[in-house]
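Below: one structure, written as structure tokens.
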Amino acid sequence: MTAKISYADVEVGTELPAQTFPVTRATLVQYAGASGDFNPIHWNEKFAKEVGLPDVIGHGMFTMAEAIRVVTDWVGDPGAVVEYGVRFTRPVVVPNDEQGAVIEVSGKVAAKLDEHERTVRVDLTATSAGQKVLGMSRAVVRLA
């Protein structure tokens, strides 16, 4: 695959389509199985509260993975992501109910980095329950 977005067609400030990602306790169990991260803060409410958390929390790497989907869906090729990093600012609290939590992600092109390499920096904003859950969430993406 190759990027479906052209470097020439993108300007600083270009907004990526925002997305929302539901997270339930079942989602966390599935992710734990896939990742091998069975830390009880991600599935055991009693344990999570005993260690000072408000409730079970989502895996940080899960939150990070959901956020980058805004970029990969926009560019059309996960291989176009050259670099990606975040700071975990707040956990995604996932209550034990039918709704769970929602991660809301938006992004915009913050800089055109290298015309020869056709790279841009995309800054992402990820929130849950009105709180920013990822800080300094940035991806370098190679465009067509």
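Just a few scattered comments:
- Looking only at the stretch 20-59, and only at residues there that are in contact with a Pro (Cβ under 8 Å, 6 or more places away or on another chain) and either free of Cβ contacts under 8 Å to residues at least 12 places away in the same chain or charged (D, E, K, R) (or both), the one that is nearest to residue 98 (Cα to Cα): 55
- Number of the condition not met by residue 7 [criteria: (1) under 15 Å from the mean Cα position of the chain (by Cα); (2) surrounded by 14 or more Cβ atoms within 10 Å (Cβ to Cβ)]: (1)
- Matching residues in the stretch 59-113 - criterion: being open to solvent by 60 Å² or more (accessible area, probe 1.4 Å), under 16 Å from residue 137 (Cα atoms) and out of contact with any helix residue (DSSP H, G or I) (no Cβ under 7 Å at 6 or more places or on another chain): 69, 82, 83, 87, 89, 90, 91, 104, 108
- Complete set of residues in the stretch 40-69 that are polar (S, T, N, Q) and within 23 Å of residue 135 (Cα to Cα): 63
- Residue 17 vs. criteria touching a Gly at 6+ places or on another chain (Cβ under 8 Å), open to solvent by 40 Å² or more (accessible area, probe 1.4 Å) and either closer than 19 Å to residue 99 by Cα or not in a loop (DSSP other than H, G, I, E, B) (or both): no
- Qualifying positions in the stretch 114-133 - part of a strand (DSSP E or B) and surrounded by 14 or more Cβ atoms within 10 Å (Cβ to Cβ): 119, 120, 121, 122, 123, 124, 125, 126, 127, 128, 133
- Among the residues making up the stretch 26-36, those that are of a type outside the set (Ser, Thr, Tyr) and open to solvent by 40 Å² or more (accessible area, probe 1.4 Å) are 26, 29, 30, 33, 34, 36.
- Subset of the stretch 92-134 [small (Gly, Ala, Ser) and under 19 Å from residue 5 (Cβ atoms)]: 106, 107, 110, 111
- The number of residues in the stretch 37-55 that are assigned to a loop (DSSP other than H, G, I, E, B) and open to solvent by 80 Å² or more (accessible area, probe 1.4 Å) comes to 4.
The values are calculated or read from the model by the stated rules, or taken from the named source; none is laboratory data. Keep in mind that what you see is a predicted model, and the values were worked out from it rather than measured. Counting neighbours? That spans all protein chains shown, and the Cβs are built from the backbone with ideal geometry, glycine included. All accessible areas refer to the heavy atoms of the entire protein, side chains included, with ligands and DNA or RNA removed. Shrake-Rupley method; radii C 1.70, N 1.55, O 1.52, S 1.80 Å.
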